[in-house]
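Let me begin by presenting the structure, written as structure tokens, before commenting on it.
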Amino acid sequence: MDHVGEQTVQARVGVRVAPWGSAHVSANIPPVAANFLLHQPMIVIGAAADDGSLWASLLAGREGFVTAIDDRTIVVDALPGMFDPLSELFDVEREIGILAIDLGTRRRMRINGRAHTVGAQLVVQTDQVYANCPKYIQVRGVSRTECFDPQVHRTKLLTDRQRTRITEADTFFIATSATGLGADVSHRGGNPGFVTVSSSRRLSWPDYSGNMMYMTHGNLELDARCGLLFPDWERGGALHITGRAYVDWDRSRADAVPGAQQMVDFDVEQVIQVDEAYALHWSFGEYSRFNPPSVLEPSSP
């Protein structure tokens with residue numbers, strides 16, 4: 001099925017490559033992708049709750065907890081925890097977006113499909129499977145801790161501490177969806193300061209040059225609802241935010257931000273902060289060489 005949202009965005013920005021977009025992505029899991037999944041200690045997932053709100057979250061486990069059991073089925077030996085905004089949602093089948101990302105090698109792949117729980121596992125039937133380029137991924141090393149105690153904080157607005165955390169972030173993940181076209185999760189990265197917070201209700205970020213498929217923008221063209229995940233890499237925490245995002249096609253605004261193709265504004269509706277959410281911690285390695293300068297640092301002369 002063609003994605004009218006993606007096609008609208010591609011036409012707007014002048015993409016002439018055809019066929020191009022999610023409708024032309026294979027549903028099959030190639031052997032190289034199955035092997036990649038088998039070695040991942042985490043995946044990012046995204047889905048819509050019963051009220052229509054979109055959330056992004058992270059599942060972690062030991063290598064081998066994500067397994068492709070055939071060319072259309074993935075089994076994840078983990079479920080969202082009790083404080084996770086996606087907890088118990090997959091007791092009934094629903095659309096899911098998955099991003100498997102290796103922060104040590106900057107490799108990533110996206111999987112979109114339908115998922116439901118079977119016992120303590122998540123079973124995913126794939127509709128779209130494809131790789132992404134390594135741009136804007138910061139290198140991080142992973143370690144495991146056996147001592148973690150999740151603590152949850154729910155608010156309608158961003159606190160001052162959360163606002164600071166967002167402006168210091170170099171990575172976040174965004175979940176989007178469009179009726180009848182599936183859910184999707186994508187990565188966004190840049191140097192600290194690439195996400196700006198103008199109030200407790202509003203944050204913004206530049207959209208950098210990507211793969212020209214415009215899956216995130218295409219979904220937002222049809223449904224502004226989306227979910228953001230800002231991981232606290234060093235302490236294993238998670239900042240989940242749901243709201244609505246709007247792409248600003250004003251070229252003059254994007255021209256004022258290094259590397260920006262467009263600017264995206266996000267209105268906050270709900271915030272769930274979970275401290276010590278994961279048994280994994282990540283240590284920083286290096287920034288991507290593709291990252292443009294951010295507002296927190298001077299541009300090169």
Quick one: what do you get for the stretch 41-119 if you divide its Cα Rg by 2.2 N^0.38 Å? 1.07
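Rounded if a/c is under 1.5, else prolate if a/b is larger than b/c, else oblate: which is the stretch 228-294, with a ≥ b ≥ c the root eigenvalues of its Cα gyration tensor?
Details: a/c = 4.76, a/b = 1.43, b/c = 3.33.
Because a/c hits 1.5 or more and a/b fails to exceed b/c, the stretch 228-294 counts as oblate.
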Equivalent-ellipsoid semi-axes of the chain, from the Cα gyration tensor, Å, largest first: 26, 24, 19
For the ranges 249-259, 132-142, what's the packing order if you count other beta-carbon atoms within 10 Å of each residue, average per peptide, and put the highest first? 132-142, 249-259
Out of THR242, GLN261, VAL271, whose Cα points farthest toward the positive end of the dipole of the stretch 232-280 (charges: +1 Lys, Arg; -1 Asp, Glu; placed on Cβ)? GLN261
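Can you sort MET82, MET263 by 1.4 Å-probe accessible area, starting with the largest? Don't skip to the end; give the middle numbers.
Numbers: MET82 145, MET263 15 Å².
From most accessible down to least: MET82, MET263.
Which whole-number percent gives the relative contact order of the stretch 142-297, counting Cα pairs below 8 Å spaced six or more residues apart?
Details: 343 pairs, mean separation 51.1, N = 156.
Relative contact order of the stretch 142-297: 33 percent.
Relative contact order for the chain: what is it in percent, counting Cα pairs under 8 Å that are at least 6 residues apart?
Values: 778 pairs, mean separation 63.7, N = 301.
Rounded, it is 21 percent for the chain.
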At a threshold of 8 angstrom on Cα-Cα distance, excluding pairs fewer than six apart, so keeping six or more, what relative contact order does the stretch 65-205 reach in percent? 21
For the chain, which whole-number percentage of the solvent-accessible area (1.4 Å probe, protein heavy atoms only) is attributable to carbon and sulfur atoms? 50
Under the classification rounded if a/c is under 1.5, otherwise prolate if a/b is larger than b/c and oblate if not, where does the stretch 101-156 fall, given a ≥ b ≥ c as square roots of the Cα gyration tensor eigenvalues? oblate
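Between GLU269 and THR164, how high is the FRET efficiency from 1/(1 + (r/R0)^6) when r is the Cβ-Cβ distance and R₀ = 22 Å? Nearest 0.05. Intermediate results must be reported in sequence, preceding the final value.
Working: r = 20 Å, r/R0 = 0.93.
Once rounded, the FRET efficiency stands at 0.60.
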Cα extents of the stretch 180-301 per principal axis, largest first, Å, are 44, 43, 30
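The values are calculated or read from the model by the stated rules, or taken from the named source; none is laboratory data. Note that the structure is predicted; figures quoted are calculated from it, not measured. Cβ coordinates were reconstructed from backbone atoms using ideal geometry, including for glycine residues, and neighbour counts include every protein chain displayed. The area values use the complete protein model at the heavy-atom level, side chains included, leaving out ligands, DNA and RNA. Shrake-Rupley method; radii C 1.70, N 1.55, O 1.52, S 1.80 Å.
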